[in-house]
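These notes are about the structure you will find just below.
The values are calculated or read from the model by the stated rules, or taken from the named source; none is laboratory data. Just so it is clear, the model here is predicted, and its values are computed rather than measured. Positions of Cβ are generated from backbone atoms using ideal geometry, with glycine treated the same way; all protein chains shown enter the neighbour counts. In case anyone asks, the SASA skips ligands and DNA or RNA and just uses the protein heavy atoms, side chains included. Shrake-Rupley method; radii C 1.70, N 1.55, O 1.52, S 1.80 Å.
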Amino acid sequence: MTGKGLLLDHLCVSLHGQSLFEVTTCVKPGEVLSIMGPSGSGKSTLINAIIGLLPSVFALTGRIELDGMSLIGLPVERRRVGVLFQDPLLFPHFSVGQNIAFGLPRSIKGKARDEAVARLLSAVELEGFAERDPFTLSGGQKARVALLRVLAAEPCALLLDEPFSKLDPALRQSVRDLVFAETRRRELPVLMVTHDRDDAAAAGGGVLHLGEAG
Amino acid sequence: MRLKRNGPAVSEPPAKVTAKATGAPPIYLRFFSWSAIALVFVPALAGTVYMFPMAFGGEGGWLQPFATLFGVPGIWTSILLSLWIGLVATAFSVALTSLFFAAFAQTRAVSVLSGLIRPLLAIPHAAAAFGMLFLVAPSGFLMRLVAPLLGFQHPPDWLLVNDPAGLSLAAGLALKETPFLFFVVLAALPQIDRRLTITAATLGYGRIWGFLLSAFPALYVQIRLPIIAVIAYSTSSVDMAMILGPQLPPVLSVQIPRLMNDPDLSLRMAASAGAIVQLAITALAIGVWLLGERMAISAFRSLSTRGFRLRGDGALRSAILVVSAWTFLVTYLGLGLLLLWSVAASWRFPDLFPSHFTLDGWLSPGSDLISLVWRSVALGIASALIAMIMAVGALELEYRRGRPIAGGGWLSLYLPLLLPQIVFVSGLSFLFLSLGWDANIFAVAAVHLVFVFPYVYLTLAASWHHFDRRYLDIARSLGKPPFMALVEVRLPILLAPLLTACALGFAVSIAQYLPTLLIGAGRLPTLTTEAVALSSGGNRRLIGVYALLQALLPFIAFALAGLGPRFVWRNRLALSGPVREISGRSA
């Protein structure tokens, strides 16, 4: 069972002794697993369990392993699991470039950081945007910067929490294509919570249904 | 790929670990919850408790101090005045605030007046009292306005201020407490469902009555605790009572420090007994209020279902608007008069304006004005900064634990605001005296902190809880530990509320009269203590200078707090622009 990818083995989250769900699955590098289900079925709880943000009222059993390493007990900041929410949530006090640099690992120093930021920006057709105030960006531009910020941190897996639901239909497809192209290129295992069947279809991977409809 | 929902327990669970959002909070954060209790709750409680052995004792038996106290001429009048003034001032402020919002919720009047009240909150009580004195005294501006009509050549011999019934003091207290209650209601109003009032309107109810029936009960619950704090303050204010209150006899809270400074030792003991009586008076006033509350509720219940619509409330609404606007304008007019008096060389009675001007008051103000300003500012900055650091620590701890700070919750924070200052500050001053900490600037700052911290904490808490925590989640998933997420993400984004809370803390510290006087043993004067001391002298030019400066310092603090984010984040529209959308969750 060890090896590359994100492994959930008998992952069970319970609240006051009542189990919410139990999941066993493995997401291989470059693969996207879509998670669908009605609200209240525990989709966000599953995401939080993997990121390491599960409130202490929940109890967690089972294994979460990323590239053969157990994540359980590790603090959020050491899990190397990136996350994109439905809002881009760019830090309003940083410039576009600073937002991305915030994600870059410490090992990249000095001028190399600026160069890395510029390289990332040009890859998504945002050359010269480093000094911009994120407030002045369009919705699509914000979504792309948010993607660059999470990729800059060189995560080993990516979690998407309804990441495209607030984009209008035209943008939606292009941002989605960009995200999946990047995660495939970087061979990241991806877990995506979505309400939208098109998202799941575009992801091309498996679909996990949490809870029964209703 | 398997999935079970609500499935049975797995037969062989590979591991069982309870995951926490952020792990146990580090020790240095726990220190903050204790520091809030140690520096706010403990002094308030210790000061109060310390008064009891002081009050029950002496050579003539354990009740002797009380016997001496009740032998002081006019003491019963003092006691009744405190009770009466506190209740009248509170009732007026609560009634005006309730009626105003009933009449004008969701109208432009609210936004206009709420712009007016923010600066009023920052004005120290003493400065507001002097402003009112210059406006309504027999030789004040209003009398000058009507003097030609009435043919007055000299100020009339009327007791318009310092009246024996204490009406001018009650009015002065209401001038300060009404803006405070307005502010509290403005904060609580968004939580009231406005569809309730719309429903009442569609059922044919008049605006005021409809609001009182539908929305007011839920609103009242939210502002009840601040109202009790207002009662506690109004029954025991010292600085305002010295300026506007009755003189012979004064209210109890003014009588106590007088007895305390009496050369006769038995009267000093009686002062301690007076503090206990003050505690009882404030408790009684709160009890009377709660009783009145019950009676009002049952009257309200029986009236509310009888079907009165009270649609024709237009005249009442106009009257409410006029009284509210006037309540706020008095303080602004007072500030203008302080300025005029501070530069007046001669200003004879019926003249509306001074005939000659001078800068003597500002250039040679008698005592060392610069050192007074410096001490006031230093105390204000120190207590505001310490309070802000403590508040940030306590709020961060709450966030990491996912629950409010330990130890009595709101009581530990509100206690200093619910107890009469004169009681526990006197107790603390005796305690510090016995420890040799009298006239110690650090002790004065520490006691300022008792009053500054609750305001700073409560102001900051609102913005803190509004903050979209997903910013922090993202920062941590990008590899930043919790402390870095706090320092690099939350604090910079919350710069504006942090500075506002600081400015408010500064304003609270500047306004402190009694703690500065008693803990400083009169040897560490500030602008406020000197201004109040001038009230007995009657040098209006100097009073103008001191009171205006006292009001000016908080204004400067708030102005800087407003400009700070605009300058620091001038290239970040979300944090400096007209719409600060970011501190709240947009969804």
Inset, instruction - Could you check what % of the DSSP bridge pairs in the protein assembly as shown are antiparallel, to the nearest 5? - result: 60
Inset, instruction - May I ask which residue of B:Ile227, B:Leu169, B:Leu189 lies farthest towards the positive end of the charge dipole of the stretch B:155-289, with charges of +1 (Lys, Arg) and -1 (Asp, Glu) on Cβ and the Cα centre as origin? - result: B:Leu189
Inset, instruction - Would you mind giving the total buried accessible surface between chains B and A, with a 1.4 Å probe and ligands, DNA and RNA left out, rounded to the nearest 100 Å²? - result: 4300
Legend entry - Carbon and sulfur %, accessible surface of the protein assembly as shown computed with the full protein complex present, 1.4 Å: 64
Legend entry - Shielding by other protein chains, B:70-83, mean Cβ within 10 Å: 0
Legend entry - Sequence of A:Arg80, B:Arg294, A:Arg176, B:Arg118 when ordered by accessible area, the most exposed leading, probe 1.4 angstrom: B:Arg294, B:Arg118, A:Arg80, A:Arg176
Inset, instruction - Set the Förster distance to 22 Å, then compute FRET efficiency between B:Leu563 and B:Ser114 from the Cβ-Cβ distance, nearest 0.05. - result: 0.60
Legend entry - Accessible heavy-atom area order of A:Cys26, B:Cys502, highest first, probe of 1.4 Å: A:Cys26, B:Cys502
Legend entry - Nearest-10 value in Å² for the accessible area of B:His125, using the 1.4 Å probe: 40
Inset, instruction - Determine ³J(HN,Hα), in whole Hz, for all residues of the stretch A:30-45 in sequence, where each value follows from phi through the Karplus function 6.51 cos²θ - 1.76 cosθ + 1.60 and θ = phi - 60°; x replaces Gly and Pro. - result: x, 9, 10, 9, 8, 10, 10, x, x, 5, x, 8, x, 4, 5, 4
Legend entry - Span from the the stretch B:492-566 Cα centroid across to the the stretch A:1-35 one, whole angstrom: 59
Inset, instruction - Could you order B:Lys480, A:Lys43 so the one with the most accessible surface comes first? Probe is 1.4 Å. - result: B:Lys480, A:Lys43
Inset, instruction - Counting only C-alpha contacts under 8 Å and six or more residues apart, can you give the relative contact order of chain B as a whole percent? - result: 23
Inset, instruction - Have a look at B:Leu213, B:Ala319, B:Ala531 and report the one farthest towards the positive end of the charge dipole of the protein assembly as shown, computed about the Cα centre with Cβ charges (Lys/Arg +1, Asp/Glu -1). - result: B:Leu213
Legend entry - Cα centre as origin, Lys/Arg/Asp/Glu Cβ charges: the protein assembly as shown dipole, Debye: 1380
Inset, instruction - Give the residue from B:Met132, B:Leu460, B:Met260 lying farthest towards the positive end of the charge dipole for chain B; charges sit on Cβ (+1 for Lys and Arg, -1 for Asp and Glu) and the dipole is referred to the Cα centre. - result: B:Leu460
Legend entry - With DNA, RNA and ligands ignored, accessible area of B:Arg258 (1.4 Å probe; Å², nearest 10): 110
Legend entry - Protection-proxy order for peptides B:210-222, B:227-239, each taking the mean of Cβ atoms within 10 Å per residue, highest first: B:227-239, B:210-222
Inset, instruction - List every residue whose amide H lies under 5 Å from the amide H of B:Ala345, counting only residues 5 or more places away in sequence or on a different chain, with H placed 1.01 Å from N in the peptide plane. - result: B:His356, B:Phe357, B:Thr358
Inset, instruction - Could you pull the Rg and Dmax for chain B, using just the Cα atoms, both in Å? - result: 26.4, 100
Inset, instruction - In debye, nearest 20, what is the charge dipole magnitude of the stretch B:123-195 about its Cα centre with +1 on Lys and Arg Cβ and -1 on Asp and Glu Cβ, if you could check? - result: 260
Inset, instruction - With only Lys, Arg, Asp and Glu charged, each at its Cβ (+1 for the first two, -1 for the last two), find how big the charge dipole of chain B is about the Cα centre; round to the nearest 20 debye. - result: 2720
Legend entry - Per residue value of the accessible surface for the stretch A:78-214 (all protein chains in place, 1.4 Å probe), Å²: 45
Inset, instruction - Calculate the mean, over all residues of peptide A:20-26, of how many other protein chain Cβ atoms lie within 10 angstrom of the residue's Cβ. - result: 4
Legend entry - Structure-based [θ]222 nm, chain B - -39500 (n - 2.57) summed over DSSP H runs of at least 4, per residue, nearest 500: -22500 deg cm²/dmol
Inset, instruction - Within a 10 angstrom radius of each residue's Cβ in A:10-19, how many Cβ atoms of other chains show up on average? Whole number is fine. - result: 3
Inset, instruction - Report the accessible area of B:His356, computed with a 1.4 Å probe over the heavy atoms of all protein chains in place, in Å² rounded to the nearest 10. - result: 110
